Each structure stands twice: as C-alpha cells, then as structure tokens.
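Take a look at the structure below.
The values are calculated or read from the model by the stated rules, or taken from the named source; none is laboratory data. Given the structure is predicted, the values throughout are model-derived calculations rather than measurements. Using ideal geometry, Cβ is built from the backbone for each residue, glycine included, and neighbour counts are taken over all protein chains shown. Heads up: the accessible areas ignore ligands, DNA and RNA and are worked out on the full protein's heavy atoms, side chains in. Shrake-Rupley method; radii C 1.70, N 1.55, O 1.52, S 1.80 Å.
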Amino acid sequence: MESQWTLSSSPAARPASAAATRIGVRQVWAAWWHAVLARRACQRTATILKDLDEHVLRDIGAPGWALRDREALCQMQHNRQAHWLWT
C-alpha cells in the first residue's frame, strides 16, 4: 500500500535561496519597525489629547480609540493622585 504522504521535488518544497531569505527577513523587520512607529504615534497622540475635554474631542471628530486612550490615561493619573493622597 502506497502512502499518500510523499516527498516532492516541487519548487515549493526546496529551500529558499539566500537572497530570497534576506529579502524575507528585511520585510519582517520593516513590518515590525512600522508597527513600532505606529504604536509610538498612537501613544503620542493619546498623550497630547489627554488635556482636551471629551466634548472637544467629539466635536473635532476624534476616533473612538483616541477617546478610550485619553480616558484610560486620565483614569491612571487620577488613580495615581488618589493613591498618593491615601498614603
């Protein structure tokens, strides 16, 4: 009885060349770096927006994530101040 699982010599089964591997690694690093930059931009935006009132943010059409991040930062600051007052 023959097995349905056989090794094939198709191009997909062969190991990639060194040049193709380098290109793949570069793409992975580039994607990672762009994700880091995007996260930093979101953090900076939330930090800048935390000083604005929620109504002002809604008036200028801020996205929902910005409103939630602003609220989270305000809550953290409030909790830090409240904890400091308790001790």
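Here is how the numbers come out for the structure above:
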item	result
Segment 62-81 residues that are of a type in the set (D, E, K, R), paired with ones that are at pLDDT below 85 and open to solvent by 40 Å² or more (accessible area, probe 1.4 Å) (beta carbon under 6 Å, 6 or more apart)	Arg70/Lys50
Residue count for segment 23-42, restricted to those that are under 13 Å from the mean Cα position of the chain (by Cα) and open to solvent by 90 Å² or more (accessible area, probe 1.4 Å)	5
Subset tally (residues that are in a helix (DSSP H, G or I) and loosely packed, with under 13 Cβ neighbours inside 10 Å) for segment 50-87	21
